[in-house]
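Reviewing the structure listed below.
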Amino acid sequence: MNALTSDARPTHVRRGVLVFACALSMITYLDRVAIASAAGNIVQALGLQSVADLKWAFTAFALAYALFEVPTGWMGDMFGPRRALLRIVLWWSAFTVLSAAVGLHVGPITLGLGFLIGVRLLFGLGEAGAFPNITRALHNWLPLEERGRGQGLVWFFGKLMGGLTPFLWTVLVVGTTATPALFGWRGAFCLFGIIGVAWCVFFARWFRDRPAEKSEVNAAERALIDRDRVDEGDAHRGVPWRRIATDGNFLTLCLMYSAQAYGWYFNITYLPQFLERQFGMPNSSLLGALYKGGPLLSGAIGCLLGGMITDSIVRRTGDRRRARRLCGWIGHSVCVACFLACPFAPNAFVFFVIVSLAAFSTDLTVPSAWATCQDIGGRYAATVGACMNMGAGLAGALAGWVTGSVLELTVAARAGELGVPVVQLTFEQTTAALRLGYNLNFYSFAALYVVAFLCWFKIDPTRLINADRTPA
């Protein structure tokens, strides 16, 4: 009787899967946000004028990340998320380490801006597919009513680490009044790459693609995971590419996610240098680190709450359509107001509050977006998530290039007004010109959040993409 009673209680192996997914999300953001914290060091090492000169490095990462989302998402659907994620993390960890070589001299060759752009391009190629394959792993391991919370936790820990990265960078690389720096900026990149390799070692030993392949999962947990799920089979029967490419519901989801990503990328590219240049926040200040990482920290809370809210509505009403849309409507309408207010922020604190609220509101929608990928994608959840994230990556690449170009144009226009070359502008003149460029960018972010808000009226998580139209 005791054995039967014990077997009737589900084991909790799926929670271990979620732990690995959350840890990977943290490493992902640690490595991708580090470039923004290191921007000042890299500008100095390469002898550049300002962070605007790094626009092609920012763009290269986002572009490669976007273009390789679908191939690596498809790889997870074809061969399983375990193999795909191991390849992804090892690849990007290697190029995280190579980022430390920027500005060094190798014989007669200087590893300059072109080298940095190449490394960021290959880094983005390697990191592509991480979140789609996490989504596929969670689809295999989590029951329907836990999907929103699972996505919320994954994104919470990722954004949390992104927000903590400026603090880590200050402690490790810059040092504080109480503690000396522990590493140079090159050493920090090497350390971050080693962390990714360590994750791979533990993940390879523990994780399996499906619950049936893990002996620690009992029958009760397998039954819980499979509840409300049709038998999708182990064989990959071919991705319905035409249906995906022509599904209006899914394309609207992609448009929404791309529109909101355009403005969000500011937080991991230009924000640290904006605060230092426009408001005089020193890079050795822990308060400055809070201001730089604050938007991602508040975004982490938004992810967590967004997942809890959408799952709560599903459990209480069974209405996935309302559950997924509600956070989108609330979050993106607040973002519009925030970015319209950014140009009028009188000091660093007010700006920090505004962009943090915008980040919180953006990330309130993220669990709903990724849970919708699971809802409509079924056994193609990784491919569908990859397609959506590809659009976001392309939007991020465009944002990185356009933001930098607008900044360059406003500086050049100011130089033209004064009749002097750009390099002869004073620090104050350049800073004022850059502020005008940033304000123009903030207005463009607000306009795209209007688009994202409107898209939620058309997104329907109950309309499936699967070729057989069966429930996920």
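Key figures
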read-out: Computed lengthening from SER333 to ASP319, 0.36 nm per intervening residue step minus Cα-Cα distance; value: 2.8 nm
read-out: Cα convex hull of region 315-379, projected area averaged across orientations, nm²; value: 5.5
read-out: Over 29 Å [Cα-Cα, the chain], rounded percent; value: 47
read-out: Cα shape, region 274-375, gyration tensor, a/c 1.5 rule; value: prolate
read-out: For region 241-252, 3J(HN,Hα) per residue [Karplus equation, 6.51 cos²θ - 1.76 cosθ + 1.60, θ = phi - 60°, Hz, x = Gly/Pro]; value: 4, 5, 5, 5, 6, 10, 7, x, 4, 5, 5, 5
read-out: Separation between Cα centres of region 82-101 and region 211-226, rounded to whole Å; value: 31
read-out: Near-label residues of region 429-458 by backbone N, under 16 Å of a point 7 Å along Cα→Cβ of VAL420; value: 429-434
read-out: Hypothetical label at GLU428: residues of region 271-300 whose amide nitrogen lies under 16 Å (7 Å Cα-Cβ projection); value: 278-280
read-out: For region 400-452 versus region 259-311, the gap between their alpha-carbon centres in whole angstrom; value: 21
read-out: Alpha carbon centroid spacing (whole Å) that separates region 319-383 from region 148-182; value: 21
read-out: Pair CYS190, LEU287: separation of 7 Å Cα→Cβ label points (nm); value: 3.5
read-out: Karplus 3J(HN,Hα) series, Hz, for region 348-353 with 6.51 cos²θ - 1.76 cosθ + 1.60 (x for Gly, Pro); value: 5, 5, 5, 4, 4, 5
read-out: Packing rank of 193-201, 424-432, where each peptide gets the mean count of other beta carbons within 10 Å, highest leading; value: 193-201, 424-432
read-out: Percent of Cα pairs exceeding the 17 Å cut-off, where the set is region 107-200; value: 69
read-out: Under the Debye formula (equal points on every Cα, no solvent term), log10 I(q)/I(0) of region 66-120 at q = 0.21, 0.23 Å⁻¹; value: -0.79, -0.86
read-out: Contour minus Cα-Cα distance for THR246 and ASP226 (0.36 nm per residue); value: 4.2 nm
read-out: Proportion of all alpha-carbon pairs of region 393-472 beyond 19 Å (%); value: 57
read-out: Whole-Hz couplings from phi, Karplus 6.51/-1.76/1.60, listed for region 202-215; x for Gly and Pro; value: 5, 5, 4, 6, 9, 7, 10, 5, 10, x, 5, 8, 10, 5
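Every number here is computed from the coordinates shown, using simple stated rules; none is lab data. This is a predicted model, so every value here is computed, not measured. FYI the Cβ positions are ideal-geometry reconstructions off the backbone, even for glycines, and counts take in every protein chain you see.
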